[in-house]
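Beneath this line is the structure, given in structure tokens, with notes to follow.
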Protein chains: 2
Amino acid sequence: MFFIVGIGLGDPKDITVKGLEIIKRCVRVYLEAYTSILSCGQESLEDFYERKLILADREMIEQHSDEIFAGAETSDVAVLVVGDPFGATTHTDLMLRAKEKGIPCQVVHNASIMNAVACCGLQLYSFGETVSIPYWTESWRPDSFFEKILKNRQMGLHTLCLLDIRVREPTLESLTRRKREYEPPRFMSTAEASQQLMEIIRKQPGEITEETLVVGLARVGHDTQKIVVCTLKEMSEEDLGSPLHSLVIPARELHPLEIEYLQQFSKKKL
Amino acid sequence: MFFIVGIGLGDPKDITVKGLEIIKRCVRVYLEAYTSILSCGQESLEDFYERKLILADREMIEQHSDEIFAGAETSDVAVLVVGDPFGATTHTDLMLRAKEKGIPCQVVHNASIMNAVACCGLQLYSFGETVSIPYWTESWRPDSFFEKILKNRQMGLHTLCLLDIRVREPTLESLTRRKREYEPPRFMSTAEASQQLMEIIRKQPGEITEETLVVGLARVGHDTQKIVVCTLKEMSEEDLGSPLHSLVIPARELHPLEIEYLQQFSKKKL
């Protein structure tokens with residue numbers, strides 16, 4: 001059997017009892033570590049699970065899945081993913097490839113930022129399409145996510161913005177060499193995301209301004225979780241500490257209960 | 001400390017290790033049992049947690065929260081909810097009331113249908129606003145959710161339809177009596193939801209027709225999970241078995257990977 005097990009928001013104890021039992025009985029357990037960040041570190045997971053994990057980077061998951069599937073027809077193999085197994089397209093693809101090979105599959109669900117974001121008090125069913133904000137470079141500054149934020153707002157919906165994660169990205173120079181070298185990992189902060197949004201609204205003034213209320217979330221589900229509610233301009237200067245961060249652009253009209261809940265994270269009266 | 005602990009999709013082993021530790025050390029543990037259904041039954045939870053649970057119905061949660069909070073300033077009390085703690089407005093409200101009383105609160109996240117729905121292969125970030133489909137009566141046939149489905153579709157987004165649950169609803173006749181009597185519990189099926197949708201489209205023909213592709217999900221995350229992909233008309237005659245059911249109206253344009261994944265749940269070539 002091939003298992004994809006969601007390990008939740010990042011603390012070792014966020015694993016479900018069902019998931020932990022599977023981890024303990026598998027012959028090999030891979031840890032997928034490029035679509036999210038493991039804030040607690042691989043070692044603390046290994047200590048808690050009482051077993052070794054094999055780190056699986058993008059290359060292994062996308063190009064060497066045969067290695068992962070080896071023997072899974074007759075014995076149990078698992079891939080652990082931060083959040084829920086269906087949070088990233090990559091994992092859906094992995095399931096399909098296992099099924100093509102006739103390997104039985106099972107999924108163990110868990111919390112992900114896609115539902116845990118509601119901890120800020122914004123109601124989950126009022127979220128529209130989720131967007132990703134990528135790191136800009138000198139020559140590559142995509143802003144199509146901004147249109148989606150505007151559309152959600154026009155429909156009275158909140159937007160969850162997932163912020164870019166760059167882990168094990170080969171350096172440009174090493175792409176032509178035999179030995180790959182990797183850039184240091186980068187995790188976009190709510191401040192960086194807000195700065196990019198500010199650059200966009202300078203060129204496209206309108207619905208969203210420097211004074212628009214935004215919600216920054218850091219380390220959701222952890223003891224050090226931090227939520228800040230302030231204007232976009234203020235968020236561009238606010239430090240929410242270590243990753244992962246997410247940013248929410250709320251709808252213009254909020255439910256009274258949403259305002260009451262958000263208030264506890266804001267310095268000003270909402 | 002006051003805890004709200006998500007118990008996930010319904011199997012006793014869906015609890016996280018963190019959640020289980022909290023349940024074991026609390027002086028009182030309530031089980032909220034009216035915003036969702038506990039498919040496994042209270043007893044099997046009590047057996048697995050090795051402790052008694054106090055059933056909390058709507059009246060207790062909404063009107064007698066003081067009883068729940070009693071002593072939580074100095075000892076640990078938990079409310080267990082199916083799915084994630086922030087899945088229903090009721091729980092957010094409960095947190096606010098605890099905080100007003102100066103009781104420290106902690107949340108333990110878990111999977112909910114709001115993220116686990118992606119197990120059908122439709123990408124989670126392409127879902128728009130979530131809607132609820134209520135049971136119609138002779139005189140009360142709201143259809144405002146249909147507008148939202150249409151709006152999501154216009155924007156190229158999927159719609160998750162949560163289907164009505166009626167648990168511990170007082171009978172009309174007993175409302176005037178001292179002793180309340182309750183209607184038998186009802187859980188809307190994908191067939192019933194599709195029949196109501198068919199009635200709406202007969203009056204409002206257009207974007208959505210009898211031939212529109214829909215996705216029915218039953219008992220997500222359980223061993224008996226069932227997913228069916230077919231037309232709305234076919235779904236209105238399809239029996240997916242025991243509750244809970246959810247219905248998804250996908251966007252008109254699907255990603256190739258979404259089609260490939262959905263195919264395994266469809267009798268016809270998509």
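Key figures for this structure:
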{"item": "Neighbour-limited loop hits for GluC sites (Glu not before Pro), segment A:1-103 (at most 16 other Cβ within 10 Å; DSSP other than H, G, I, E, B)", "result": "A:Glu50, A:Glu73"}
{"item": "Alpha-carbon spread of segment B:128-195, three principal axes, descending order, Å", "result": "51, 20, 20"}
{"item": "Chain A - convex hull of alpha carbons, volume per residue in Å³", "result": "147"}
{"item": "Once the Cα gyration tensor of segment B:1-82 is diagonalised, semi-axes √(5λ) in Å", "result": "19, 16, 10"}
{"item": "Relative contact order (percent, whole number), chain A, Cα cutoff 8 Å, 6+ residue spacing", "result": "19"}
{"item": "Structure-based [θ]222 nm, chain A - -39500 (n - 2.57) summed over DSSP H runs of at least 4, per residue, nearest 500", "result": "-8000 deg cm²/dmol"}
{"item": "Local electrostatic count at B:Asp47 - Lys and Arg +1, Asp and Glu -1, tallied over other residues with Cβ under 14 Å", "result": "0"}
{"item": "Hydrodynamic radius by Kirkwood, which averages 1/r over all alpha carbon pairs of the protein assembly as shown, in angstrom", "result": "24.4"}
{"item": "Net charge contributed by nearby residues that have their C-beta within less than 13 Å of B:Thr171 (K/R +1, D/E -1)", "result": "+2"}
{"item": "Cα-Cα separations in segment B:29-69 greater than 15 Å, expressed as whole percent", "result": "41"}
{"item": "Loop trypsin sites (Lys or Arg not before Pro), segment B:151-203, which have at most 15 other Cβ atoms in a 10 Å radius of their Cβ (DSSP)", "result": "B:Arg168, B:Arg177, B:Arg178, B:Lys179, B:Arg180"}
{"item": "For A:Ala33, net neighbour charge (Lys/Arg +1, Asp/Glu -1) across residues whose Cβ lies under 10 Å away", "result": "0"}
{"item": "Segment B:36-130: trypsin sites (Lys or Arg not before Pro) in DSSP loop, at most 16 other beta carbons within 10 Å", "result": "B:Arg51, B:Lys52, B:Lys101"}
{"item": "Cα pair distances in segment A:109-246, grouped into 5 Å bins until the bin that holds the longest one, percent each", "result": "2, 9, 17, 22, 20, 13, 8, 5, 3, 1, 0"}
{"item": "Among the listed pairs A:Lys99/B:Lys233; A:Lys18/A:Lys101; A:Lys18/B:Lys24; A:Lys226/B:Lys99; B:Lys148/B:Lys269, those beyond 19 Å (Cα-Cα)", "result": "A:Lys99/B:Lys233; A:Lys18/A:Lys101; B:Lys148/B:Lys269"}
{"item": "More than 19 Å apart - percent of Cα-Cα pairs taken over segment A:31-140", "result": "57"}
{"item": "Angstrom value of the Kirkwood radius, inverse mean 1/r, which spans all Cα pairs in segment B:187-236", "result": "11.4"}
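Read-outs throughout are calculated quantities, based only on the coordinates presented, and are distinct from any laboratory measurement. Values in this document were obtained by computation on a predicted structure and should not be read as measured data. Neighbour counts are summed over all protein chains in view; Cβ atoms, including those assigned to glycine, are modelled from backbone coordinates with ideal geometry.
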